[in-house]
Amino acid sequence: MAQPRVLVIGGGLAGLSATMRLAELGLDVDLVSLVPVKRSHSVCAQGGINSVNALTRQQGDSEWKHLDDTVYGGDFLQHQPPVKEMADWGPRIIDLMDRLGVPFNRTSEGFRDQRRFGGTLYKRTAFAGATTGQQLLYALDEQVRRWEAAGKVKKWEFWDFLGPVLDDTGRCRGAVCQDLVTMQFKAFPADAVVLATGGNGLIYGRSTMSMVCTGSAVSRAYRAGAWYGNGEFIQVHPTAIPGADKLRLMSESARGEGGRVWVPRTPQDPRDPRSIPEAERSYFLEERYPKYGNLVPRDIATREIFDICTTDGLSVEKDRLCVYLDLTHIPRETLDRKLGGILEIYEKFQGVDPRVTPMKIFPAVHYSMGGLWVDYEKSKTGGLVEGSIRNQQTNLPGLYAIGECDYQYHGANRLGANSLLSCIFSGLFLAPSLANACGGTPGADTTRLFEAEIRRQEERHRELLGRTAGDENPYALHQELGNLMTRVATVVRRNDQLEAAYDDVCEMARRWKRCAVSDTGNWTNQNVVFTKSLGDMFPIAKLILKGALLRDECRGAHFKPAFAMPGLAATDPVEKRREAEEWCDSFQANTEKWLKSTIAACGPDGDPEISYREIDTSLIPPRPRLYGLVGGDAIEEVWKERQERAATSREAAVPVGAGS
Amino acid sequence: MIKAMEAVADLVTAGADDAAHGGSSRVIRVRVLRQDVAGGESYFERFEVPYEPNMNVISVLQKIAARARSQDGRRVAPVAWDCSCLEEVCGSCTMLINGRTRMACSALVDSLVSTDGDEIELRPMSKFPVVRDLVVDRRRVFRGLEKVKAWVPVEGSYDLGPGPRISPEDQEDAYPLTECMSCGCCLEACPQYMKIETVRRDDESESDFEKRRKAAFDSGFVGAHAISQAMLFNSHPTGRMIADERLEALTAKGGIQMCGNAQNCVAVCPKHIPLTRSIARAGRAATVWAIKRLFDR
Amino acid sequence: MSDSSPSFLERHQFLIYRLFSLAGLIPIGAFVAVHLLTNASILAGDDGRTFQSRVDMIHSLGPLLVPIEWAFIFLPLLFHAAIGFVIIANGMPNVGSYSYVGNVRYTLQRATGMIAFAFIVWHIVQLHWLGKPFGGGQFDPHRAASTAAEALQPTLVAIFYAIGVLATVFHFSNGLWTLGITWGLWTSPAAMRRANVISIVIGVGLATAGLGALAGMRSIDVPRAREAETWAEKQKHALSGPGAAVAPVPIPNAH
């Protein structure tokens, strides 16, 4: 039997953690990446990584509460067993990263320090300055380099994944990739192919994501038959620094360390922000959400910032929407120690010192909660069966997805500092599954399959190179797509806009076929690579729009004003109670209708075929997400009573004596 | 409220459009040192892009790519360059901007023009083989990290409890070194770091070539970044368990002794990493280690 | 593979470079410092008598002087110079693009190294007896001040000496500072700054001594110095010769 070989696409946190663990389990790994793996987008993650820890445990925290915060923050749209398993692994993962040398900030005693992040009341987030993602990535990069030196890992950097190669039974038998320097094609036969290719922010033109986050690898798998889940759920990060080329992230840790969001009560107050007295400032998040304050979940903070600027007209500037994020009340020394990295970014790109002057920020597209649909096997205790070959497997056997490019962990909205955890967890957890899946009886000879696929890819490449006479500019088309997507499919969504945008994207996809390439050479041709990945954006853009269009409700990051459930208007207790009952009725009805994963399968022409799947909510029953809602207390009361009644009736249904 | 929010949804992108189309008719002239293939001839080509306030060199290059025309209106292939994060943490976009090594993403046009005049010159890094235009092959940077074993030699990745306790002082001492993004600025500016270019021979297998290239890399100066990483891991409680192996690598050919103390590395480091401190610490450690080895052997 | 067997120099690069660094301080640097300070004794204002007595002290080593010179001066110097040229050949100064102080010093260190070497070779040929076959060797240890002064009279020679001395002193004192980094004596930027101050003080001191000696040599009254030397020689002769008991020759024009 041949030595099992795994092909990992993408060298961010997920890809590297999988590679490290796979090598450790004795498998050979080919690691393909668009950029040297150390330059993957994970470096941009700033704030930290969540897990229950000794301190929070003593304040009443537990893995269960981490699970609860995650699914509540995600509006119950995720299957709960994988989230439970992830929360359970949290402490071990932090310990591991600590052992690998990640320079986590320390308490005076030398233990890891933690900060608080959005969507939780506990200080669950371990951090390394304001460059936690970079530090975690480097630690894994170093271990993988170690395995590379030992000959277990072979890196293929500056290589592009062009698509999985499936055999007649639909099983993935490897992939075809392209060298971005020599533009040569190569077959990578593998016992398993793992996609760890991150998000797709470039579909939105400018976002907080890196230039490699085109989503093209996922799109290629999707078009080969892999399902895409929850595509319409795109996280818009509340605080980013607007820029012409990129919207640079301002980490949630800025608020975690005490940063306050505010606007002057006078619209476009021309005064220096420092000279505006407290009474004339509106700390709107703290005012509207006294419990969580500036640390409400991201979708809510985003909508509130958006709202205060647009509805209330209180944007700090007139032509550019923005609010203040203020750190100036925190001692400089503390800021430098805990947030130095991100403050430097602000200073460097804006030319203003955020330690002295409040920052100006505005929401930006940040994370794809959706991604390739993946399977799991539930254990008896409600978590996952370790080593099950179903874990993280797409609907195409032999093709797996981990990290941001799977849809599994964050539901309708991701909590801050959970992404690093989900990436490392899914990578580590996948490895034993692959060890079990690989190395069975070798399948039929695949040479023919790969030859055919390489021919197909060469054909596509040649066709693109030949397009010199077209009248469309790929870069302009990309900008157009980005503007459209940002306008209709971010913070606020409306059916008429989504419907029109869907048609527009279909038209753009057709126009893409007329894109002229300005570089017809066959050496480091970035022009043709970009054009190719632009073409791959349309199917994903379509499924985002279609998913958003069909989902007539508000859930997490997906906000449709026409289907919002406003708070209670009544003040009279009896009336309020009645309204709360009604509210809960409609919530229940909505849950029954919409608490489902959106599954997109690629149809002809890249049009999605949308279906819905039930969600495993067996651990924590869905409940209304009430952060700061008017009348939330009354709703909560009614909901609790209903839950209790339901529980009693369940017990009553159990025959007497059965429990003893 | 909801109605109003719907009505102004378009405002989100308005800023972007303004930025893209607004501004005066002022242009930025750019001179790019181009090279079509590895080992090919290099030549300058001039471009013009419309000026926008607050633009950086990346957005200049993006505009050049979108336009794909030289200053005199000829259709030319877009300039190739490396970039990814655009916020100075990935280390991709190092190039020579007006003759000096730096990250293109954080090179703001306004300040370049105000200090160096209204033409911007872009050249590929000179210490690494050019792949195309501004794209260079920096594999040697990563080979340096491998050479000095820049990792914590953990015994597997299974759960064995937390890492060692570390005082906040030690963490703060080490943290700046961990920010090294392998951009190569320190190497480009180092007068002791010479370009090494190996070309595969026709009769050579991939793995033989790989071996020969590694040997060639190892014969040259390992560089400030690798020395600093070696010192980082030699200061980590677990990392230091193979401190001697790192010192052995640092005192091999192309090691620490090649440093000429020009201290350009620390001056050009975009992350302000105290590289010369690392180099001096490595010098001290190598001194002690060499003497000990002399007497203990 | 043909190009993969490392040479002796490559295999022992670290050791050789460290010896190179050390040699710059001991013995070469130390000798340079002593040499310049000895020369500065010409400024005592006694027509070179103190200077002569220092020279005599050195030459009292007699036949041992030759091996000592070779072991502690010429061979280390040749070694330091040879490795220095290897280092220079393997570097590429870029002070045009990066005009930081450190980089300027790096470049000057190499330039002054080359100047100093050229100067020292010429200096030896001109004054040391080894230069005799080449028409040099003008320095007579028994007539130290006067022969030195005569050799330094031409203006061009004096200019060359001034340049050579300054280059040597810069090379030494800057090298002292880099040596401290190389060996890890000062590691933090603050310590490097403090060490830098010390190296500047040493450099300025030695430059003063060197240029002072040069000026002093050129300004002494050669006939009177010669007189003093003749007297001293006679004196020595008298002390060591058969008539040792005879009373010493009176000192002419002693101040």
* Structure fact -> For chain A, longest principal axis from Cα atoms; helix A:419-437 axis from its Cα atoms; angle between them, nearest 10 degrees, is 40 degrees
* **Among B:168, B:124, B:191, residue whose mean-square fluctuation peaks in a GNM of chain B (springs only between Cα atoms under 10 Å)** => B:168
* Structure fact -> If one compares the long axis through the Cα atoms of helix B:206-219 with the longest principal axis of the Cα atoms of chain B, the angle in degrees, nearest 10, works out at 80 degrees
* To do: Note down, for the protein assembly as shown, the three equivalent ellipsoid semi-axes (square root of 5 times each alpha carbon gyration tensor eigenvalue), biggest first, whole angstrom.
  => 68, 32, 30
* Quick one: among C:50, C:182, C:168, which has the greatest mean-square fluctuation in a GNM of chain C with alpha-carbon springs under 10 angstrom? => C:182
* For residue A:513, which lysines qualify as cross-link partners when the Cα separation must be under 26 Å and same-chain residues fewer than eight apart are set aside? -> A:186, A:532, A:542, A:546, B:63
* Asked: Can you sort A:123, B:211 so the residue with the fewest Cβ neighbours within 10 Å comes first?
  -> B:211, A:123
* For region A:28-154, average projected area of the Cα convex hull in nm² -> 9.2 nm²
* Structure fact -> Going residue by residue through region A:479-490, the Karplus relation 6.51 cos²θ - 1.76 cosθ + 1.60 with θ = phi - 60° gives ³J(HN,Hα) values, rounded to whole Hz and with x marking Gly or Pro, of 5, 5, 4, x, 5, 4, 4, 5, 6, 9, 10, 10
* Asked: Roughly speaking, what is the centre-to-centre gap between region B:224-256 and region B:163-203 when only Cα atoms are used, to the nearest Å?
  -> 11 Å
* Using the number of other C-beta atoms within 10 angstrom as an exposure proxy, rank B:188, A:459 with the fewest first. => A:459, B:188
* Kirkwood hydrodynamic radius of region A:237-366 from all distinct Cα pairs, in Å? -> 14.6 Å
* Structure fact -> For residue A:360, the lysines lying under 24 Å Cα to Cα, once residues fewer than eight places off in the same chain are dropped, come out as A:246, A:318, A:338, A:348, B:271
* Using a simple spin-label model with points 7 Å from Cα along the Cα→Cβ vector, what separation in nm is obtained for residue A:459 and residue B:118? -> 5.3 nm
* Arrange A:583, B:151 by Cβ neighbour counts within 10 Å, fewest through most, would you? => A:583, B:151
* Structure fact -> If N is the residue count of region B:138-296, its Cα Rg over 2.2 N^0.38 Å rounds to 1.10
* **3J(HN,Hα) from dihedral phi, region A:129-134, Karplus parametrisation 6.51/-1.76/1.60, rounded to Hz, x for glycine, proline** => x, 10, 10, 4, x, 4
* Divide, for region C:8-226, the radius of gyration over alpha carbons by 2.2 N^0.38 Å, where N is the residue count. => 1.08
* Per-selection metrics, region B:188-276 (Cα): Rg and Dmax in Å -> 15.3, 47
* **Residue with peak Gaussian network fluctuation, chain C [Cα springs, cutoff 10 Å], from C:49, C:224, C:11** => C:11
* Structure fact -> Diffing region A:194-203: the Karplus 3J(HN,Hα) column from phi (6.51, -1.76, 1.60, θ = phi - 60°), in whole Hz with x for Gly and Pro, holds 10, 8, 9, 9, x, x, 9, x, 5, 4
* Asked: Tilt of helix A:332-350 relative to the longest C-alpha principal axis of chain A, in degrees (0 to 90, nearest 10)?
  -> 60 degrees
* Structure fact -> For chain A, the dipole about the Cα centre with charges only on Cβ (Lys and Arg +1, Asp and Glu -1), to the nearest 20 debye, works out at 900 debye
* Tell me, what is the percent relative contact order of chain C, built from C-alpha pairs under 8 Å that lie six or more residues apart? -> 24 percent
* Could you state the principal axis extents of the C-alpha atoms in region A:32-76, from the largest down, to the nearest angstrom? -> 43, 27, 18
* Which number comes out as Rg/Rh for region B:26-132 once both Rg and the Kirkwood Rh are worked out on C-alpha atoms? -> 0.93
* Asked: Per the Kirkwood definition applied to all pairs of different Cα atoms, how many angstroms is the hydrodynamic radius of region A:506-660?
  -> 20.1 Å
* Structure fact -> One would report the Cα pair-distance distribution of chain A, bin width 10 Å, in %, as 3, 16, 26, 27, 18, 8, 2, 0, 0
* Asked: Over chain B, what is the mean sequence separation of C-alpha contacts under 8 Å (at least six apart), divided by residue count, expressed as relative contact order in percent?
  -> 16 percent
* Given the pairs A:291/A:576; A:123/A:291; A:155/B:253, which are separated by over 24 angstrom at their Cα positions? -> A:155/B:253
* Starting from region A:336-416, pick out the trypsin sites (Lys or Arg not before Pro) whose DSSP state is loop and whose Cβ has at most 11 other Cβ atoms within 10 Å. => A:380
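Pairs of Cα atoms under 8 Å, at least six residues apart: use those to get the relative contact order of region A:222-310, whole percent.
29 percent
Coordinate-derived values only; no laboratory data. Only a predicted model underlies this, so the values are computations on that prediction, with no experimental measurement involved. Reconstructed Cβ throughout: ideal geometry from the backbone, glycine too, with neighbour counts over all protein chains shown.
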